[in-house]
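Participant: First the structure, then my questions, so here it is.
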Amino acid sequence: MKELPSSIGQLYALQELHLSRCFELEELPLSIGQLNALQKLYVEGCSKLKELPSSIGQLYALQNLHLSGCSNLTKLPSSIGQLNALQNLSLLGCFQLKELPSSIGQLNALQAFYLLGCSNLTKLPLSIGQLNALQGVYLSGCLELKELPLSIGQLNAFQKLYLLGCFELKELPLSIGQLNALQGLYLSRCSEWKELPLYSLQYSTLENIYLEECSELKYLHFFINELNALQGLYLSRCFKWKELPLSIGQLNAFQELYLLGCP
């Protein structure tokens with residue numbers, strides 16, 4: 001199937017649309033923007049799809065947008081910022097996607113943002129700091145991502161940050177210390193990191209730190225004792241790990257410590 005009929009826009013009661021493994025599908029019709037009741041749009045394995053129509057910004061009821069395996073998708077339309085009800089945005093295996101539109105900062109209801117296997121994505125827009133409802137960002141396999149924007153520190157509702165296999169990302173911005181709702185920090189295969197900037201964490205909401213295969217990581221900053229809410233520290237295969245800070249003994253809420261393969 002190379003295309004959907006334009007009459008699909010007449011399905012005014014349609015709430016969910018799933019397009020899975022439509023390998024020949026090259027585009028979505030402009031009429032898709034007429035689906036006023038649509039809440040969930042899943043496009044999976046449509047490997048010839050290169051872009052979304054600008055009319056997608058008219059889906060004012062859309063809460064979940066999931067794009068998976070759209071390996072030739074090169075960009076998102078700027079109109080995506082008009083999706084005022086969007087709560088979850090998932091981009092998985094969109095290998096050709098190099099950047100996100102700045103209008104993404106207009107997604108006032110967005111709570112969770114997944115970027116998995118977007119291996120050519122080089123940066124996140126500064127406007128991400130405007131996502132006042134954002135609670136979690138999940139980045140995995142973003143091989144060309146070199147930094148996170150300083151504006152990430154403006155995310156007042158932000159609770160969880162996942163970074164997995166982002167090999168070019170060498171450090172966290174100091175502005176992470178401004179995340180006064182941050183509860184979980186999960187880092188895996190961040191092979192260039194030698195330390196975490198925990199000294200920049202000005203607030204005591206952080207509850208769990210997970211570090212896996214951070215092969216160059218040697219130590220945590222001694223200000224870890226200021227993380228009054230810290231309950232768990234999990235270290236796995238951090239081969240150059242040297243020692244725990246003495247101040248870890250001052251963590252009154254601390255409950256779990258895992259050290260696996262840290263010689």
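The values are calculated or read from the model by the stated rules, or taken from the named source; none is laboratory data. Owing to the predicted nature of the structure, the values given are computational and were not obtained by experimental measurement. A quick note on method: Cβ atoms are made from the backbone with ideal geometry, for glycine too, and the neighbour counts reach across all protein chains shown.
Participant: Which condition from (1) out of contact with any strand residue (DSSP E or B) (no Cβ under 8 Å at 6 or more places or on another chain); (2) in a strand (DSSP E or B) is the one that K50 breaks?
Facilitator: (2)
Participant: Filter the stretch 217-247 down to the residues that are of a type in the set (A, V, I, L, M, F, W, C) and either outside any helix (DSSP H, G or I) or crowded, with 17+ Cβ neighbours inside 10 Å (or both) and list them by number. Outline the logic, then answer.
Facilitator: Of the residues in the stretch 217-247, the ones of a type in the set (A, V, I, L, M, F, W, C) are 217, 220, 222-224, 227, 229-230, 233, 235, 238-239, 241, 244, 246.
Answer for the stretch 217-247, where residues must be of a type in the set (A, V, I, L, M, F, W, C) and either outside any helix (DSSP H, G or I) or crowded, with 17+ Cβ neighbours inside 10 Å (or both): L217, L220, I224, L227, A229, L230, L233, L235, C238, F239, W241, L244.
Participant: Taking the condition of being surrounded by fewer than 16 Cβ atoms within 10 Å (Cβ to Cβ) and either part of a helix (DSSP H, G or I) or of a type in the set (S, T, N, Q) (or both), how many residues in the stretch 137-158 meet it?
Facilitator: 2
Participant: Also, quick follow-up: Hey, among E144, E99, which residue is at pLDDT below 95, farther than 27 Å from S20 by Cβ and of a type in the set (D, E)?
Facilitator: Numbers: E99 fails: farther than 27 Å from S20 by Cβ.
Selected residue: E144, the only one of E144, E99 that is at pLDDT below 95, farther than 27 Å from S20 by Cβ and of a type in the set (D, E).
Participant: Need the failing condition index for A85 against (1) buried (at least 19 other Cβ atoms within 10 Å of the Cβ); (2) modelled with pLDDT of 95 or more, just the number.
Facilitator: (1)
Participant: Does the stretch 64-96 hold any residues that are more than 16 Å from L19 (Cα to Cα) and either without any contact (Cβ under 8 Å) to a residue 24 or more places away in the chain or part of a loop (DSSP other than H, G, I, E, B) (or both), and which are they?
Facilitator: T74, K75, L76, P77, L83, N84, A85, L86, Q87, F95, Q96 - these are the residues of the stretch 64-96 that are more than 16 Å from L19 (Cα to Cα) and either without any contact (Cβ under 8 Å) to a residue 24 or more places away in the chain or part of a loop (DSSP other than H, G, I, E, B) (or both).
Participant: Can you tell me which residue within the stretch 174-195, out of those that are at pLDDT below 85 and part of a loop (DSSP other than H, G, I, E, B), is surrounded by the fewest Cβ atoms within 10 Å (Cβ to Cβ)?
Facilitator: K194
Participant: Filter the stretch 97-106 down to the residues that are in a loop (DSSP other than H, G, I, E, B) and surrounded by 20 or more Cβ atoms within 10 Å (Cβ to Cβ), then identify the one that is nearest to the chain's Cα centre (by Cα).
Facilitator: First, the residues of the stretch 97-106 that are in a loop (DSSP other than H, G, I, E, B): 97-101.
Restricting the remaining residues to those that are surrounded by 20 or more Cβ atoms within 10 Å (Cβ to Cβ) gives 97, 100.
Details: L97: 14, L100: 12 Å.
Among those residues, the one meeting the criterion is L100.
Participant: Let me ask you something else. What are the residue pairs meeting all of these: first residue in the stretch 196-209, first residue buried (at least 16 other Cβ atoms within 10 Å of the Cβ), second residue at pLDDT below 70 and in a helix (DSSP H, G or I), Cβ atoms under 8 Å, and 6 or more apart or on different chains?
Facilitator: The qualifying pairs are L198/F223; L201/F223.
Participant: Further question: Which one of L230, L260, L251 is within 29 Å of S119 (Cβ to Cβ) and at pLDDT 85 or above?
Facilitator: Every option except L260 fails the conditions.
Participant: Just the residues that are under 20 Å from S79 (Cβ atoms) and either of a type in the set (S, T, Y) or surrounded by fewer than 19 Cβ atoms within 10 Å (Cβ to Cβ) (or both), please, taken from the stretch 107-126.
Facilitator: Within the stretch 107-126, N108, A109, P125, L126 meet the criteria.
Participant: Of all residues in the stretch 1-10, count the ones that are part of a loop (DSSP other than H, G, I, E, B), of a type outside the set (K, R) and loosely packed, with under 15 Cβ neighbours inside 10 Å.
Facilitator: Number satisfying all stated conditions: 3.
Participant: Let me ask you something else. Check whether at least one residue in the stretch 2-16 is out of contact with any helix residue (DSSP H, G or I) (no Cβ under 9 Å at 6 or more places or on another chain) and modelled with pLDDT under 95, and report yes or no.
Facilitator: Yes, the stretch 2-16 has at least one match.
Participant: Only one residue in L19, L25 is in a loop (DSSP other than H, G, I, E, B) and surrounded by 14 or more Cβ atoms within 10 Å (Cβ to Cβ). Which one? Steps first, answer last, please.
Facilitator: Values: L19 fails: in a loop (DSSP other than H, G, I, E, B).
Selected residue: L25, the only one of L19, L25 that is in a loop (DSSP other than H, G, I, E, B) and surrounded by 14 or more Cβ atoms within 10 Å (Cβ to Cβ).
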